1. Hey, could you get me the Stokes-Einstein D for segment 3-81, Kirkwood radius over alpha-carbon pairs, 4 °C and 1.567 mPa s, rounded to whole µm² s⁻¹?
2. Rank these for me by crowding, Met55, Met1, Met31, going from fewest to most other beta carbons within 10 Å.
3. Report ³J(HN,Hα) in whole Hz for each residue of segment 5-16, in order, from the Karplus equation J = 6.51 cos²θ - 1.76 cosθ + 1.60 where θ = phi - 60°; Gly and Pro get x.
4. Karplus couplings for segment 71-77 from phi (6.51 cos²θ - 1.76 cosθ + 1.60, θ = phi - 60°), rounded to Hz, Gly and Pro as x?
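Values in this text are rule-based calculations from the coordinates and carry no lab data. The model shown is predicted, which means the values in this text are computed figures rather than measured ones. Ideal geometry is used to build each Cβ from the backbone, glycine not excepted, and the neighbour counts take in all protein chains shown.
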Amino acid sequence: MPPELVPVAVVFIVIGVPIICITLVALARIMRGDRESKSGKPGVKADEARMLQEMQRLLSRLEERVESLETIVLDRDRQKRNPHP
């Protein structure tokens, strides 16, 4: 891996992976709750739906930040390869 991409990888590992895992766990809980609602037990609660919406919003912001970081790193790499006089 090029040394310029190390910060991007670190950000993804430290922030992205835990958020993705939390999202998957929350989705699994909701799916389990949906099956329970068919058997007469309460289904998805409103606060869980709000939590998922908030997580989706935060994931979108994280994606934008990672893309910005990638752009910055790649621009710096290009500038190092082709310095302007």
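1. Diffusion coefficient, whole number: 87 µm²/s.
2. Placing the least packed residue first, the sequence is Met1, Met31, Met55.
3. 8, 4, x, 5, 5, 5, 4, 4, 5, 6, 10, x
4. Working through the residues one at a time gives 4, 4, 5, 5, 5, 5, 5 Hz.
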